[in-house]
Structures are given as structure tokens and as C-alpha cells.
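Undergrad: Below is a structure I'd like to ask you about.
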Amino acid sequence: MTRVLSGIQPSGTLHIGNYFAMMKRMIEFQNEHELFCFIVNYHAMTSLHDPKALSENTIDAALDFLALGLDPEKCYFWVQSDIPEVTELAWILSCHTSLGLLERSHSYKDKLAKGITPSCGLFTYPVLMAADILLYQAKLIPVGKDQKQHIEITRDIAERFNAIYGETFVLPEPMISEDIAVVPGIDGQKMSKSYGNTIDIFEDEASLKKKVMRIKTDSTPVEAPKDPENCNLFALYRLFAEKEKTEALRERYLKGGVGYGEVKKELLGLIYEYFSPYRKKREVLARERQAVKDVLKKGAEKTRPIAVKTLDDVKRRSGLYYV
Ligand code: ADP
Ligand code: TRP
């Protein structure tokens with residue numbers, strides 16, 4: 001069994017980009033792999049300084065995973081800050097990470113370009129992510145395309161450490177599903193909590209309708225043929241529709257005669273139906289927030305010995321256990 005690990009930030013409400021690129025695949029992996037799934041609240045702190053929101057989003061993210069079918073008995077499921085060894089390892093790794101490596105980070109540069117005043121935490125974000133991965137000796141990391149460079153940075157740090165102290169860390173590999181590498185938002189940019197262009201997994205019906213109707217399309221008239229490959233609406237449709245249905249829509253696009261408004265109505269029905277069974281389960285779970293917290297605390301207890309073992313090895317190899 002291969003060790004698979006990934007985390008999600010509780011920095012806002014989870015959306016269908018998160019679902020298809022990461023959550024859905026993680027939930028499928030619990031049956032065939034050794035799965036490590038966690039909520040990275042220390043990472044969310046790089047952008048969120050509202051204690052109520054951070055704490056509530058953490059439970060909400062856990063609720064989403066559980067409602068969508070993650071089974072804590074079949075995997076390791078916890079909150080990042082409940083295993084303090086991760087920040088200890090992050091410090092040790094940061095002493096083996098060159099400044100240049102972090103300065104080349106696309107996600108850091110993108111955030112600077114957006115005018116965010118960076119904190120030290122935002123700059124060293126990839127080191128904490130490396131600690132997340134290396135602490136559990138994970139091999140495969142299912143993420144969206146935007147996280148690829150972070151996994152490469154993790155490999156660089158691990159290789160550097162292994163070269164100095166001997167084989168300590170497993171080198172991880174990103175697992176990116178090419179057809180859902182980037183899910184577009186309703187404005188056509190990458191769907192992201194920070195761009196205000198998301199369709200959330202558990203969006204209520206009225207707001208889902210509003211968002212789907214706002215999906216940006218071009219102004220090709222109804223009768224004219226349309227290009228399915230360069231259409232956000234089509235890209236979203238194919239995530240939810242069966243293969244035959246997607247192919248049928250592709251043909252309707254190429255032939256002309258289909259209007260975007262009509263496709264939006266179909267998509268709305270598909271999204272609502274897709275998440276409908278999970279929605280009911282989430283409503284039930286949401287009444288038991290304390291029970292969800294207990295699941296997470298138990299998950300941390302189950303996971304922590306693995307972290308302690310790796311950190312112990314790291315400290316022994318690097319001379320921190322002085323004699
Ligand atoms: P966000 O950009 O909304 O803050 P996160 O950074 O928390 O999302 O991402 C959580 C996971 O979801 C990561 O694996 C990320 O690659 C993936 N992901 C987020 N948005 C998208 C998207 N629009 N398309 C594909 N994957 C995405
Ligand atoms: N940086 C990731 C994101 O924004 C979240 C994350 C933190 C993560 N630690 C991780 C993902 C470890 C995979 C493995 O989506």
C-alpha cells in the first residue's frame with residue numbers, strides 16, 4: 001500500500017475545484033492506499049487572522065470531508081496544529097532551505113503581485129508544507145496543478161537533508177490529474193477562495209442558481225457553432241455529467257443551435273443532484289460539531305506516533321540529541 005497524503009486550508013468555504021482536484025480523489029484512495037488527510041490550519045493563518053472564522057472553517061472543512069464520504073476509520077484524519085512536531089520539523093528544515101528556493105515560489109510571487117504585504121509565514125509556507133509531507137514519509141501527494149512547485153520544493157529540501165545526514169526522508173511525488181488540473185471559476189480564472197469566483201460544494205439552491213447563471217461565456221449567438229475546448233461552462237459541465245452526456249453536448253456545441261442559457265440550466269440541475277445525497281448527510285453531521293471535533297482529536301492521537309518517530313530520527317541524525 002502506498003502512502004498518500006494531502007491537506008486543505010480552512011481559509012474559506014470549500015469549492016468544487018477543491019473537490020475534484022483533491023477531496024474526491026482522496027476519498028477514493030482511502031480504499032486502496034494508506035491515506036493521510038488533514039486540515040492545514042497553520043497554513044490558513046498566513047491569510048486569515050479572524051479567530052472565529054479560522055476555528056469554524058476548520059470544523060466545516062472536516063464536516064465537508066465526512067459528509068462526502070471520508071471514513072476516519074480507514075484513514076488518518078486530523079488538524080495540522082494538533083500535531084506540534086510539524087512546526088519543530090519545519091524549523092529544522094528551514095535551516096536546510098536556501099532563500100533562493102523560496103524566492104522562486106510562484107504562489108509567493110503571485111500573492112505579492114496581488115498587493116499582499118507578506119509575513120515571514122507566507123514566505124516560509126513551502127517549508128511548513130515540506131514538513132507536513134516529510135514528517136509522515138508520504139510518497140504520493142494528490143493536489144491541483146498550482147501545488148506542483150511546492151512538491152518540487154519539498155523534494156529539494158528532502159534531497160538536501162538526505163545528502164547531509166543519510167537517507168532520512170522518502171521523496172514525494174505530486175499526483176495531478178491532467179483533466180482536472182485547473183477547475184475554472186465562474187469568471188473563467190482558476191477557481192479560488194481568494195478570487196471570489198467559487199461555486200461551493202454545499203452552496204444553497206438560490207445562491208447556486210445565481211452563480212451558475214453568472215458563469216462567464218462568450219457572445220456567440222445561439223445558432224452559431226461553439227468551441228467546447230475554450231468554454232468555462234463546458235469545462236464545468238463535464239465534471240458533473242456522464243461521459244455520454246458530455247459527448248452529446250460537445251456535438252451540440254460543434255453543430256450550433258444550443259444557447260449558453262440552456263446549458264447553464266442543465267448544469268445547475270446536475271450540480272444540485274450530484275451533491276444532493278451528501279448535503280443530507282452534512283446537515284445531520286452539522287448538528288454534532290462536538291462529535292466532529294472528537295473525531296479530529298482521535299485522528300491526531302492515531303497519527304502523532306508516526307510524526308514523533310520521524311522527528312526523533314531527524315534529531316538523532318542531525319546532532320540535536322547532544323552528548
Ligand atoms: P484555494 O485556492 O481555493 O484557496 P487551496 O489552496 O486550499 O484552494 O487548495 C486545496 C486543494 O485544491 C489543492 O490541492 C489545490 O491544488 C486544489 N485546488 C484549489 N483550487 C483549484 C482549482 N481551481 N482547480 C484545481 N485544483 C484546485
Ligand atoms: N498548500 C496546500 C494548498 O494550498 C495545502 C497543503 C499544506 C498541503 N500542506 C500540504 C497539500 C501537504 C498537500 C500536502 O492547497
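Matching residues to (1) within 16 Å of ligand 1 (Cβ to nearest atom); (2) open to solvent by less than 90 Å² (accessible area, probe 1.4 Å):
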residue: 187; (1), (2): yes, yes
residue: 190; (1), (2): yes, yes
residue: 198; (1), (2): yes, yes
residue: 214; (1), (2): no, no
residue: 223; (1), (2): no, no
residue: 228; (1), (2): no, yes
residue: 237; (1), (2): yes, yes
residue: 244; (1), (2): no, no
residue: 252; (1), (2): no, yes
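Undergrad: Taking the conditions exactly as written (of a type outside the set (S, T, N, Q) and more than 12 Å from ligand 2 (Cβ to nearest atom)), does residue 8 satisfy them or not?
TA: For residue 8, the condition - of a type outside the set (S, T, N, Q) and more than 12 Å from ligand 2 (Cβ to nearest atom) - is not met.
Undergrad: A further question on this structure: If residue 63 satisfies all but one of (1) open to solvent by 30 Å² or more (accessible area, probe 1.4 Å); (2) in a helix (DSSP H, G or I), what's the number of the condition it fails?
TA: Unmet condition: (1).
Undergrad: I've got another one for you. Consider residue 296 carefully, then state whether it is within 23 Å of the chain's Cα centre (by Cα), surrounded by 16 or more Cβ atoms within 10 Å (Cβ to Cβ) and without any contact (Cβ under 8 Å) to a residue 60 or more places away in the chain.
TA: Considered against the rule, which asks whether it is within 23 Å of the chain's Cα centre (by Cα), surrounded by 16 or more Cβ atoms within 10 Å (Cβ to Cβ) and without any contact (Cβ under 8 Å) to a residue 60 or more places away in the chain, residue 296 comes out as no.
Undergrad: Restricting to segment 24-38, name every residue that is within 13 Å of ligand 2 (Cβ to nearest atom) and free of Cβ contacts under 8 Å to residues at least 60 places away in the same chain.
TA: Those that are within 13 Å of ligand 2 (Cβ to nearest atom) and free of Cβ contacts under 8 Å to residues at least 60 places away in the same chain: 35, 37.
Undergrad: Additional query: Can you pull out the residues in segment 294-323 that are farther than 21 Å from residue 73 by Cα and charged (D, E, K, R)?
TA: Listed by number, the residues that qualify are 309, 312, 313, 315, 316, 317.
Undergrad: From the residues in segment 145-160 that are open to solvent by 10 Å² or more (accessible area, probe 1.4 Å) and under 17 Å from the mean Cα position of the chain (by Cα), which one is nearest to ligand 2 (Cβ to nearest atom)?
TA: Top of the filtered list is 147.
Undergrad: How many of the residues in segment 1-59 are within 12 Å of ligand 1 (Cβ to nearest atom), part of a helix (DSSP H, G or I) and open to solvent by less than 20 Å² (accessible area, probe 1.4 Å)?
TA: 10
Undergrad: Name the single residue, out of those in segment 161-174 being open to solvent by less than 40 Å² (accessible area, probe 1.4 Å) and not in a loop (DSSP other than H, G, I, E, B), that is nearest to ligand 2 (Cβ to nearest atom).
TA: Residue satisfying both the conditions and the ranking: 161.
Undergrad: Now a separate question. Which one of the conditions (1) within 18 Å of residue 233 (Cα to Cα); (2) free of Cβ contacts under 8 Å to residues at least 24 places away in the same chain; (3) open to solvent by 60 Å² or more (accessible area, probe 1.4 Å) does residue 206 fail to meet, given that it meets all the rest?
TA: The one condition residue 206 does not meet is (1).
Undergrad: Given the residues 66, 14, 48, which is the only one that is without any contact (Cβ under 8 Å) to a residue 40 or more places away in the chain and out of contact with any Cys (no Cβ under 6 Å at 6 or more places or on another chain)?
TA: Residue meeting the stated conditions: 48.
Undergrad: Could you pull out the residue among 90, 130 that is of a type in the set (Gly, Ala, Ser), within 16 Å of ligand 1 (Cβ to nearest atom), open to solvent by less than 40 Å² (accessible area, probe 1.4 Å) and within 20 Å of residue 163 (Cβ to Cβ)?
TA: Within the list 90, 130, the selection yields 130.
Undergrad: Take the residues in segment 175-189 that are within 16 Å of ligand 2 (Cβ to nearest atom) and not in a loop (DSSP other than H, G, I, E, B), then tell me which one is farthest from residue 233 (Cα to Cα).
TA: 175
The values are calculated or read from the model by the stated rules, or taken from the named source; none is laboratory data. Worth saying up front: this structure is predicted, and the values here are computed from it rather than measured. Note that we place each Cβ from the backbone using ideal geometry, even for glycine, and neighbour counts take in every protein chain shown. The area values use the complete protein model at the heavy-atom level, side chains included, leaving out ligands, DNA and RNA. Shrake-Rupley method; radii C 1.70, N 1.55, O 1.52, S 1.80 Å.
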